[in-house]
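Here, each number is a calculation from the coordinates, and none is a lab measurement. In this text the structure is predicted, and so the values were computed from the model without any measurement. Backbone-built Cβ (ideal geometry, glycine too); neighbour counts: all protein chains shown.
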Amino acid sequence: MKADQAVFRWLNDLAGRSDFLDGLLRLVISDYLIPFLATLAVAWLWFAGREEDETQRFQHAALKGLVALGICQLAVAVVNIAVGRPRPFGQLSNVTVLFYEPINSSFPAHPVATVMALGFVLSPVARRLGGIVILLGLLLGVGRIIAGLWFPTDVLGGIAIGVLSGWLAGSTLGRFAGAEAFIRRKTARMGLG
């Protein structure tokens, strides 16, 4: 835990030095921007295929993204109840907080878990886009450490849950090919793919 707090202090000491950079950081670490962009990337995949084979691969990945989100939300909720870790500003003194002070558990970093799960399912079919989403998730994690909201191990826990959720979604969805075909047929009838 001492290493966790030492890395936290080192990064949090970057906060409060520049009004411009602090304002930019507040935008990046907002509750909605990066998770919305990651979700938008997965939604885009549904419509992005140019040929039938590519469309099927992309839509399969988009469905994996939905399943990964469900698994991720469940896992984070269970870990929040089991761990219930206070935020850095609630445990340590002299923390510079650049954002509102959330009251939920610090561990795991929920938005990082969500973004990483989506990046993990995007990467096999859209490598560049998946890489961008993963980098955005890392930026969100580091930004919220700088802003005094998470410890580094909170971010690492979010990354682990996100990657595990993406992997579980990929291994689970293949077993429900009938459900996937049903969803594709229904969305095609509605003009959505």
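Residues of segment 27-69 with amide nitrogen under 18 Å from the 7 Å Cα-to-Cβ point of L135? Only 28-29, 34-42 pass the distance filter.
Rounded to the nearest 20 debye, the dipole magnitude of segment 9-59 is 260 debye, with +1 charges on Lys and Arg beta carbons, -1 on Asp and Glu beta carbons, and the Cα centre as origin.
For the chain, the membrane-span-like helix rule (DSSP H, alpha carbon extent of at least 20 Å along the helix axis, mean Kyte-Doolittle at least 0.0) picks out 33-48, 52-83, 127-146, 152-173; this says nothing about an actual membrane. Just to verify a number: FRET efficiency for Q5 and T96, C-beta to C-beta distance, R0 = 22 Å, to 0.05? The calculated FRET efficiency here is 0.90. Quick check on segment 122-175: take the gyration tensor over C-alpha atoms, sort the square-rooted eigenvalues as a ≥ b ≥ c, and tell me if it's rounded (a/c under 1.5), prolate or oblate. Oblate shape, in that a/c is at least 1.5 and b/c is the bigger or equal ratio. If you plug the beta carbon distance of A188 and L14 into 1/(1 + (r/R0)^6) with R0 = 41 Å, you get a FRET efficiency near 0.25.
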